[in-house]
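Below is one structure; the comments refer to it alone.
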Amino acid sequence: MNEISHIPKPEWLKITHSRGQEHHDLRKELRSRGLHTVCEEASCPNLNECWGLKTATIMILGEVCTRGCRFCHVNTGNPLGRINPLEIRHSSELVGLMGLRYVVITSVDRDDLPDHGAGHFAQVIRRIHEDHPDTKVEALVPDFGADPQRMDILVDSRPFVVAQNVETVERLTHPVRDIRAGYRQTLDCLAYYKSRGLRTKTSLMLGLGETEEEIEKTLRDLRDCGTDILTLGQYLQPTSRHWPVSKYYSPMEFAAWKKRAKELGFTFAASGPLVRSSYRASDYLDYLEGKDNE
Amino acid sequence: MNNKFFTKNGEWVVIEGKSAICGLSRWSVDELGEITFVALPPVGNLLKAGEPALTVEAVKAATDCYAPVSGTITEVNDLLKTEPSWLNKDPEGQGWIFKAEVSELIVDDLMTEKDFQSWIQDPHE
């Protein structure tokens, strides 16, 4: 058999796999209550940094997604309409245990449910608001089929920020995203939430095969629908069966796109090789409290 | 096996006299995910305990693998050149990475398998 060929990973994607000690007790607490964060599930290299800043991302509505996007590692299947009602209480408990000042709630897509999970999502947000009034909640939501009735259920729970990820440029949306997702559909969702008075956020992955012109066009499209917050990060192929990486962008290129995003009018932008949609999400809070987004 | 030791970075080493065989622990490869490439060092390379010996790439990140002992590399696992997935399948068996002639061994810097397993569970101890 021939030796395999590969594009070497650049130095800035090197991580250390040594055991982080800082949050050991917390991990034990979470495990004992059967609670899970996306930070841990995805072995996110930013975990210690985010948890240190009292930010974390909790995934609700189960672990099986009804959609099969080619960039995403979450299992695809049919959850058969099942929801675990304990997620509502557990999510709030996790916020208390971790002492979070900013929490991102996200979920799998649930096309199997009549409301696509919007009601459960809203209940989790309300419970956190009730139990932890000082904690800000960001809702990183599925597109709910861009149905205004479903989106209104979420709107009524008044998250601090609502995020819907565009993921990639228009040309690559199909094949990269599931056929039920759509570039225009995501823009419609963001425009709708904005029209209902919520702060909006989206995330774009770089390295899927997009051109500079396509990135520019996407940023302009996002600003046209009033998107406030943008995150830009390097796409990393979760397994060899997923969509391949076409390019590793340098930290300098990410810095240049951040500058461009600010020029186009995004209130806040995070951009870097290891930036993920929820990476240091609480930085936006710092920004609102008067610290600059440099 | 009582001549098997682990580092706090998750490398393992089995020592027999002056010879050592080294690799990455099951815990390490599980943390890294699917391994896509192992940049094997050339035979004859000098190793210094605690210093990077080679780089392992997984789908989501790359990481340095540190030498558990000082010495000289005498053999590398050619199987990993064509099938790096052996590191995921059998990291402490057929997925070994290199063999070395040991020039210096500081056992105090290493952990027994039992201590390593407890340390993974609770690094405060």
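The values are calculated or read from the model by the stated rules, or taken from the named source; none is laboratory data. Because the structure is a prediction, the values reported are computed rather than measured. Cβ coordinates were reconstructed from backbone atoms using ideal geometry, including for glycine residues, and neighbour counts include every protein chain displayed.
Each row is one residue, and each column tells you yes or no for (1) more than 14 Å from chain B (Cβ to nearest Cβ); (2) out of contact with any helix residue (DSSP H, G or I) (no Cβ under 6 Å at 6 or more places or on another chain).
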site: A:Gly197; (1), (2): yes, yes
site: A:Leu219; (1), (2): yes, no
site: A:Leu222; (1), (2): yes, yes
site: A:Gly233; (1), (2): no, yes
site: A:Gln237; (1), (2): no, yes
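Scanning the range A:280-293 finds no residues that are surrounded by 16 or more Cβ atoms within 10 Å (Cβ to Cβ) and either at pLDDT 95 or above or part of a strand (DSSP E or B) (or both).
Taking (1) in contact (Cβ under 8 Å) with a residue 12 or more places away in the chain; (2) of a type outside the set (Gly, Ala, Ser); (3) away from chain A (no Cβ under 13 Å) in turn, B:Leu54 satisfies each apart from (3). Within the range B:61-77, the presence of at least one residue that is crowded, with 20+ Cβ neighbours inside 10 Å, modelled with pLDDT under 90 and assigned to a loop (DSSP other than H, G, I, E, B) is confirmed. One residue alone among A:Arg158, A:Arg127, A:Arg110 is in a helix (DSSP H, G or I) and at pLDDT 95 or above, and that residue is A:Arg127.
Condition check ((1) more than 26 Å from A:Leu285 (Cβ to Cβ); (2) at pLDDT below 95; (3) not in a loop (DSSP other than H, G, I, E, B)) across all residues:
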{"site": "A:Ala191", "(1), (2), (3)": "no, no, yes"}
{"site": "A:Gly197", "(1), (2), (3)": "no, no, no"}
{"site": "A:Thr200", "(1), (2), (3)": "no, no, yes"}
{"site": "A:Ser203", "(1), (2), (3)": "no, no, yes"}
{"site": "A:Glu210", "(1), (2), (3)": "yes, no, no"}
{"site": "A:Thr218", "(1), (2), (3)": "no, no, yes"}
{"site": "A:Arg223", "(1), (2), (3)": "no, no, yes"}
{"site": "A:Leu232", "(1), (2), (3)": "no, no, yes"}
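Within the range A:231-271, the residues that satisfy the criterion of being of a type in the set (A, V, I, L, M, F, W, C) and in contact with a Ser or Thr (Cβ under 6 Å, 6 or more places away or on another chain) are A:Leu232, A:Phe254, A:Trp257, A:Ala270. Taking (1) at negative phi; (2) away from chain B (no Cβ under 14 Å); (3) modelled with pLDDT of 80 or more in turn, A:Leu61 satisfies each apart from (1).
Consider A:Thr173 carefully, then state whether it is free of Cβ contacts under 8 Å to residues at least 60 places away in the same chain, among the hydroxyl-bearing types (Ser, Thr, Tyr), under 27 Å from A:Thr55 (Cβ atoms) and assigned to a helix (DSSP H, G or I). Criteria not met by A:Thr173. Filtering the range B:98-119 to residues that are more than 13 Å from every other protein chain (Cβ to nearest Cβ) and among the small types (Gly, Ala, Ser) leaves B:Ala100, B:Ser103.
Considering B:Val43, B:Val14, the condition of being away from chain A (no Cβ under 11 Å), touching a Phe, Trp or Tyr at 6+ places or on another chain (Cβ under 9 Å) and either buried (at least 18 other Cβ atoms within 10 Å of the Cβ) or not in a strand (DSSP E or B) (or both) is satisfied by B:Val43 alone. Screening A:Asn165 on (1) in a loop (DSSP other than H, G, I, E, B); (2) under 24 Å from A:Pro85 (Cα atoms) shows it passes everything except condition (2).
As a summary of the residue check, A:Thr267 satisfies the conditions (1) within 23 Å of A:Val74 (Cβ to Cβ); (2) surrounded by fewer than 20 Cβ atoms within 10 Å (Cβ to Cβ) except for the one numbered (1).
Scanning the range A:247-260 for residues that are within 16 Å of the chain's Cα centre (by Cα), away from every other protein chain (no Cβ under 14 Å) and not in a helix (DSSP H, G or I) turns up nothing. Only residues that are more than 8 Å from every other protein chain (Cβ to nearest Cβ) and either modelled with pLDDT under 75 or in a helix (DSSP H, G or I) (or both) were counted across the range A:1-19, and they come to 4. If you go through the range B:46-60 and keep only what is within 14 Å of the chain's Cα centre (by Cα) and part of a loop (DSSP other than H, G, I, E, B), you end up with B:Lys48, B:Ala49, B:Gly50, B:Glu51. If only residues of the range A:80-131 that are surrounded by fewer than 18 Cβ atoms within 10 Å (Cβ to Cβ) and basic (Lys, Arg) are counted, the one that is nearest to the chain's Cα centre (by Cα) is A:Arg101. Look at B:Gly95 and say whether it is touching a residue at least 60 places away in the same chain (Cβ under 8 Å), buried (at least 16 other Cβ atoms within 10 Å of the Cβ) and either within 14 Å of chain A (Cβ to nearest Cβ) or farther than 17 Å from B:Asn9 by Cα (or both). Here the answer is yes, as B:Gly95 does meet what is asked.
Scanning the range B:1-24 for residues that are in contact (Cβ under 8 Å) with a residue 24 or more places away in the chain and polar (S, T, N, Q) turns up B:Asn2, B:Thr7, B:Asn9, B:Ser19. The residue of the range B:29-40 that is farthest from the chain's Cα centre (by Cα), among those that are in contact (Cβ under 8 Å) with a residue 24 or more places away in the chain and outside any loop (DSSP other than H, G, I, E, B), is B:Thr36.
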